Structure formats: C-alpha cells, structure tokens
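Below is one structure; the comments refer to it alone.
The values are calculated or read from the model by the stated rules, or taken from the named source; none is laboratory data. This is a predicted model, so every value here is computed, not measured. Cβ placement follows ideal geometry from the backbone for every residue including glycine, while neighbour counts extend to all protein chains displayed.
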Amino acid sequence: TYSKHADELWVSLFEKAYMKLHGGYDFPGSQSSVDLHALCGWIPESFRLEADKSREGDPTPDEFWRRMKMAHERGTALFTVGTKDLSEAEEERTGLAGRHAYAVLEVAEAQGTRLVKLKNPWANMRWKGDFNPSDDKNWTPELRKELKYDAEAEQETDDGIFWISWEAIR
C-alpha cells in the first residue's frame, strides 16, 4: 500500500498487521470481499458481470451499473473490481494484473459514456485500452472538461489510477 503523503505511515502499518494475522505476504492473492468483511464487519455482496458466470438473482450489468452509480453518488458503498486469471501476454497488452482487485474511485456517466475510475493498489500498472491517457480518440475535449481530466498530467506519471469504460469491465 502506498500513500502520496510521507507522514501517512498508519496505512502501511495497518496493512502489515493485517497481513501478519493472515500468514504473511507469501500467497497468490486475496478476495476483496473477504478482506472488506474482515476490516469492516459487514457481509459484502459479490456479482459476476460475465453473462456466462452470473448466478440466478444477480442483477444484469445495466441494473448493477444503476445501483453502483446511485450508491457511489450517495457515498453509501465501497466497490472493487477484480480481474480474472490473465496470461503474461494479456497483462502486457491490457496493462491489468491478473487475479487482482482494483478500488473503484469514481463512477461517471458523461457525454453518453459510462466510465469507472479505478486504482491499482500497487500504485503502478494501468489500463492500456480505450480511455487510457494517450487515447485522443475517446477522450474528447468535452469529455475531458466534464470529468476534469488532464491527459497530459496523467501521461507524466503512472500512479495506478485510470479510467476504463463500463463496457470494458463487463
């Protein structure tokens, strides 16, 4: 876990204590719903957005989008997005880590486009598909203005924060 503030040591100490309780850092990964339950005490909901993997009773991707957007606007929910197992070639092509959780920072619908702002907790590696910092085709001037997005500043540093379309997540 990284912080932009050098005096924010508690985050790293908290992570170290949590990992020590769970046997250390030598493991293939965790599931954010399990971690959130351990940290917050509530039982999280988990949905698969892939049509062939969804369970009966799960919301459709459009229903889930509406729920997620409303909860985000109200500040009443915490979301993560997880990736499936990816080959090294897929990781290199997409800029995403396989079997990895990303924090959802923002949920936006602007200029008719559904976008999600994600953060890689490793503070590096970011999406290379549509809406990456060098994508001039999808980042129209109107969209940049509406989302207060500075592509030039984003291209200068890879802090693991990036926008991705809802369609790419689905």
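Candidates 128, 145, 137: the one that is more than 24 Å from residue 74 (Cβ to Cβ) and part of a helix (DSSP H, G or I) is 145. Considering 122, 139, 127, the condition of being of a type in the set (Phe, Trp, Tyr) and out of contact with any strand residue (DSSP E or B) (no Cβ under 9 Å at 6 or more places or on another chain) is satisfied by 122 alone.
Evaluate the range 90-105: report whether one residue or more is assigned to a loop (DSSP other than H, G, I, E, B), under 15 Å from the mean Cα position of the chain (by Cα) and under 24 Å from residue 43 (Cα atoms). Yes.
Of all the residues in the range 75-89, those that are over 22 Å from residue 149 (Cα atoms) and either more than 13 Å from the chain's Cα centre (by Cα) or of a type in the set (D, E, K, R) (or both) number 8. Identify the single condition in (1) modelled with pLDDT under 85; (2) in contact with a Leu (Cβ under 8 Å, 6 or more places away or on another chain); (3) farther than 26 Å from residue 146 by Cβ; (4) part of a loop (DSSP other than H, G, I, E, B) that residue 18 does not satisfy, given that it satisfies every other one. Going through (1) modelled with pLDDT under 85; (2) in contact with a Leu (Cβ under 8 Å, 6 or more places away or on another chain); (3) farther than 26 Å from residue 146 by Cβ; (4) part of a loop (DSSP other than H, G, I, E, B) one by one, residue 18 breaks only (4). In the range 98-106, the condition of being within 24 Å of residue 156 (Cβ to Cβ), touching a Phe, Trp or Tyr at 6+ places or on another chain (Cβ under 7 Å) and crowded, with 16+ Cβ neighbours inside 10 Å is met by at least one residue.
Annotation for the range 156-163: at least one member residue is in a helix (DSSP H, G or I) and modelled with pLDDT under 95. On inspection, residue 69 qualifies as surrounded by 14 or more Cβ atoms within 10 Å (Cβ to Cβ), more than 30 Å from residue 12 (Cβ to Cβ) and modelled with pLDDT of 90 or more.
A residue that is in a helix (DSSP H, G or I) and modelled with pLDDT of 75 or more cannot be found anywhere in the range 43-50.
Residues are listed down the side, and each one gets a yes or a no for (1) within 22 Å of residue 64 (Cβ to Cβ); (2) small (Gly, Ala, Ser):
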| residue | (1), (2) |
| --- | --- |
| 114 | yes, no |
| 117 | yes, no |
| 127 | yes, no |
| 130 | yes, no |
| 138 | no, no |
| 141 | no, no |
| 148 | no, no |
| 153 | no, yes |
| 158 | no, no |
